[in-house]
Amino acid sequence: MVQELTYQEARRVCEKDSFDCDSTASTVPLETIVGQERAVRALRFGLRIPDKGFNIFVSGLPGTGRKTAIHDFVGIKAAEMPVPPDWCYVNNFVDSSRPRAIAMPAGMGGKFYKAMERMVTQLAPALREAFESADYSKRREATMAKINQERNDIVAEINAMAKDAGFLVQPSQIGLTLTPLSEGRPLTDAEFAQLPAALQKKIQQEREVLNKRIGEAFRPLQEIVRRVDKDLLDLNRQVAQFAISPFIGGVKEEFKDNGEVLEYLKEVENDIVDNVPIFLNPQAGGPGTPILDPTRNYRVNLIVDNSKATGAPVEIEMRPTYQRLFGYSEREARFGTLVTDYTMIRAGSAHRSNGGFLVIPVERMFQDPLVWEGLKQTLSSGNLELEDPVSRLGYIVTKSLRPEPIPFDAKVVLIGNPQVYNILFSLDPDFKDLFKVKADFDTTMERNPENLKRYTMFVCGLVRREGLLHLDPSALGAIIEQSSRMAEDREKLSTEFANIADMIREASFYAREEGATQVTREHIRKQVEEKEYRSNLIQKRLEELLAQGTFLIDVAGTKTGQVNGLAVLSVGDYAFGRPSRITASVGVGREGVIDIERMAEMGGATHTKGVLIISGFLNDRFASDAPLSLSARLVFEQSYSGVDGDSASSTELYALLSELSGVPIRQYISVTGSVNQKGEVQAIGGVNQKIEGYYEACKAIGLTGEQGSMIPASNVRNLMLKEEVVQAIKDGKFHIWPVRTIDEGIEVLTGVEAGVRSKDGTYPEGTINAMVQKRLEEMAKVVKEFHP
């Protein structure tokens, strides 16, 4: 005999005396996360272990405290770690497309940047002063005078050589011209043309001989020109070095312990000396051309500045695009084209987190197709590379910056849901090697005195941080009850603290509106009701259709082959139960149990499995000696959106047994629960919503005092029904029957004994099973007559 549940069993109430405080005002705020011991242990391990590949994937649903835990534990660990170095990019004077990266102790990068800024502002004035000085002019003039004297001697020798040969050396647009002399006077072209041909030939031969002699005489002059250029260049280098040495020397002295900086400063010095003309004449292209900045290549691009850090950095990147994570190079318009250089390199979150921790929400990360592969490459190689996304795709290859990679040493923490973790673990072979630590955040915890105390401390901390009204013990009890309802288990509490916090905020708002000084149970109840009212429009419309008779459902009387099943509908964040009429029809045949939903392609795989299990149950119970000979149809009436899940399989079986036995079923009892082939009723989800949905439907049509729901006995621990339904149970207006087997359930629904099989395989006369067996035997005979 199945016993109805009492109203105490329908909801586990949390009494005021469960709390040892007058309100949350007298409670100490919580300083740690609640109910996530497993996840916390994994986080602590993952943050401590330094080995490669032990990055962390934090798995769990939003609102379970994932971000809070990461923020707290990562912050504590980061504070214990040393401050990482600063990073600068400087010009590569050999290949400007490959800027050099220089690491410096924290705080020194900023000093280096300022030192170079001071130096470059002093270079041009110092060089102009040096090259405009009287001393430089004297040394240049002395060098030029010596050279000019040597050149004049050679020219005089050439002129004398030509005069002796009867020629005059004259300059022209194409070089030197040898003009013949006559009586000390150069001949004109007309006069030369009037000379006898033999004389012209002779003069031409003498000119050719003289040209060779002059060419040989000019060779020392070419060497003199080269020596002039070299001497002037050496002079300019000496003057330039002397002019800039005080400034570069000061920077060298300040960073004498950094070999990379000293090497870079030597390259800067050489480049300045080699490009003195640009400093002296920045508008070298002539009037109208842009003025060049000769100091641009000597500036320092400080991309990571840890001067103000007190520990390792923690970066939480909420918009993990490729550029925001791995940095980018800006471009600016010059002469009608977009150009870039090392001074326009900008750091990403990965640069700023280097030496510390990088936290990334994994779902947002996959919105950019380049990020995941870039992150894996960075973790695998241990180098942080800055690459143009367009080039990385490989569709367009353009010349762009490829800065020197920076060694990457940061712990990466991904935050995602369990589905994403399973997908990555199954489909990406690199994932398991790079993220070896899983911190799994649970959605529930045990409902015990210790956790009740922690819940109270959590509420206290929230109230104090946000300036909300404190909660009295009755309100705390209501919070605990709602938490168990969210967990769908009276022995558990929900760890989705984001939802709990929203509940407290809303309740505090209602309390303030009423002028109350504390939040009470009534304010929590109002919050729950108001939130439901904002979301239950569709539910109320369906109840109206039930009351109007548009959706057919009986909540009184008895009928054969018809049962009220229960389903859960979800609309965004709101779920509610809805009763549906399930009917069965039976005829002679050999098709077996046919699922109309599946035949109409409206049934899911799990629902089809439930129908097949019904066939297995019938075979196990009634076809041990002979095969079944029936054609049965099962259907959800007025179902237009498809059916899935096996929670109605026991309901469908009751309808089928009723149709076969001819015994009517009480229509005022709704049913939920799955069944196995041995006739055991199994637990289902959404039991509270299903019961409440049927109660609301009965209330809309009219409560009779007989109505109720039959549920699996294993779901009793999941009951946390609304207070209105609990009160109806207490007043005898609504009932709940827990059953363990199909036999118990059919007895509740029909009032007729199910019957136990005897040793000869028969059932007692007048029982449900006996009537079913008899009907099946009769159908088998009919089939045999038509198909001998």
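Of the numbered criteria (1) modelled with pLDDT of 90 or more; (2) assigned to a helix (DSSP H, G or I); (3) surrounded by fewer than 17 Cβ atoms within 10 Å (Cβ to Cβ); (4) of a type in the set (D, E, K, R), the one Glu765 fails is (2). Could we say that Asp231 is of a type in the set (Asp, Glu) and part of a helix (DSSP H, G or I) here? Judged against the criteria, Asp231 is a match.
For the range 619-645, the tally of residues that are among the charged types (D, E, K, R), at pLDDT 70 or above and open to solvent by 50 Å² or more (accessible area, probe 1.4 Å) stands at 4.
A quick yes/no check of all residues on (1) small (Gly, Ala, Ser); (2) under 15 Å from Ala655 (Cα atoms):
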site	(1), (2)
Gly732	yes, no
Arg740	no, no
Asp743	no, yes
Val748	no, yes
Pro764	no, no
Met771	no, yes
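Residue by residue, here is whether (1) within 30 Å of Asn258 (Cα to Cα); (2) in contact with a strand residue (DSSP E or B) (Cβ under 8 Å, 6 or more places away or on another chain) holds:
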| site | (1), (2) |
| --- | --- |
| Gly110 | yes, yes |
| Ala115 | yes, no |
| Pro125 | yes, no |
| Phe131 | no, no |
| Met144 | no, no |
| Ile147 | no, no |
| Ile154 | no, no |
| Asn159 | no, yes |
| Gly166 | no, yes |
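The lone criterion from (1) farther than 30 Å from Thr310 by Cβ; (2) open to solvent by 70 Å² or more (accessible area, probe 1.4 Å); (3) at pLDDT 90 or above left unmet by Asn92 is number (2).
Residue-level analysis places Thr456 among those that are surrounded by 16 or more Cβ atoms within 10 Å (Cβ to Cβ), among the hydroxyl-bearing types (Ser, Thr, Tyr) and over 29 Å from the mean Cα position of the chain (by Cα).
Where in the range 54-164 are the helices (runs of 4 or more DSSP H), entirely inside, with at least 2 residues that are within 60 Å of the chain's Cα centre (by Cα) and not aliphatic (A, V, I, L, M)?
Numbers: elements: 66-80, 108-131, 134-164.
Ranges flagged: 66-80, 108-131.
Taking Asp489 as the residue in question, decide whether it is of a type outside the set (Ser, Thr, Tyr), under 45 Å from the mean Cα position of the chain (by Cα) and either within 22 Å of Met720 (Cα to Cα) or not in a helix (DSSP H, G or I) (or both). So Asp489 fits the description; yes.
With respect to Ile538, determine if the residue is in contact with a strand residue (DSSP E or B) (Cβ under 8 Å, 6 or more places away or on another chain), outside any strand (DSSP E or B), within 26 Å of Val586 (Cα to Cα) and among the hydrophobic types (A, V, I, L, M, F, W, C). Against the criterion (in contact with a strand residue (DSSP E or B) (Cβ under 8 Å, 6 or more places away or on another chain), outside any strand (DSSP E or B), within 26 Å of Val586 (Cα to Cα) and among the hydrophobic types (A, V, I, L, M, F, W, C)), Ile538 does not qualify.
Only a single item in (1) under 30 Å from Pro712 (Cβ atoms); (2) open to solvent by 20 Å² or more (accessible area, probe 1.4 Å) is not met by Leu30, and it is number (1). Here His523 passes the criteria (1) in contact with a Phe, Trp or Tyr (Cβ under 6 Å, 6 or more places away or on another chain); (2) buried (at least 20 other Cβ atoms within 10 Å of the Cβ); (3) outside any helix (DSSP H, G or I); (4) not polar (S, T, N, Q) except the one numbered (3). The number of residues in the range 308-322 being more than 14 Å from Ser349 (Cβ to Cβ) and either assigned to a strand (DSSP E or B) or open to solvent by 60 Å² or more (accessible area, probe 1.4 Å) (or both) comes to 2. Looking across the range 459-486, just one residue is under 28 Å from the mean Cα position of the chain (by Cα) and open to solvent by less than 40 Å² (accessible area, probe 1.4 Å), and that is Leu462.
The values are calculated or read from the model by the stated rules, or taken from the named source; none is laboratory data. The shown structure was predicted, so the numbers you read here are calculated from the model rather than taken from an experiment. Positions of Cβ are generated from backbone atoms using ideal geometry, with glycine treated the same way; all protein chains shown enter the neighbour counts. All accessible areas refer to the heavy atoms of the entire protein, side chains included, with ligands and DNA or RNA removed. Shrake-Rupley method; radii C 1.70, N 1.55, O 1.52, S 1.80 Å.
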